[in-house]
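Novice: This structure is in structure tokens; I'll ask about it shortly.
Please treat every number below as a calculation from the coordinates, not as lab data. Quick caveat, the model's predicted, so the values are computed rather than measured.
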Amino acid sequence: MPLALGVFLRATKSSKANIIVEQKEPYWYTIHVQQQLRRPFHKLCLVTKVLSLVDAWTKAAVEHKTLEITYYSGRTKGETTVREVEPDYCGWSINHRNFGLWAVCRMRNDVRCFKRETVISWRYIGNSFAPNPRGRWQELVPVYDSGGLAREQF
């Protein structure tokens, strides 16, 4: 299962560390550690697992829980917005014209397709919702089961 490991430095009080976990493609992550140390750090440890955006979308869709996304509208408006969404499906539309992360956007109160590369960040909100009667979340259940996402935490 694709996981990014959060890396944290435990350093002396005089040290400073900045850790950035950046998602590249669906299952590739880059971990940047920027540090300014007066004294060397004394412990480096792996602390937590982070679900990928696609895994979090799948888990939220099957469990009917909301996510908050920071989304860049790209060519259309060129603005960044924060939206609470009710995830439904990951993949191609029925007519094969659009590919992305499908959800009911609470800001627009309508079904939207978000391109994975324009979702800057996500956060688990966990508000329950009734699934869209025309939704495709059931198609994600095999992925949810085979990936062990029921056991994973957001």
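Novice: For the stretch 129-137, take each phi angle, set θ = phi - 60°, evaluate the Karplus expression 6.51 cos²θ - 1.76 cosθ + 1.60, and give the result in whole Hz per residue in order, putting x for glycine and proline.
Specialist: 8, 7, x, 4, x, 9, x, 10, 4
Novice: I would also like to ask the following. From the backbone phi of the stretch 88-103, what are the Karplus-calculated ³J(HN,Hα) couplings (6.51 cos²θ - 1.76 cosθ + 1.60, θ = phi - 60°) in whole Hz, Gly and Pro given as x?
Specialist: Along the stretch 88-103, the couplings run 10, 7, 10, x, 6, 5, 4, 8, 6, 9, 10, 10, x, 9, 9, 7 Hz.
Novice: Over the Cα atoms of the stretch 53-146, what is the Rg over Rh ratio if Rh follows Kirkwood?
Specialist: We get a ratio of 0.94 for the stretch 53-146.
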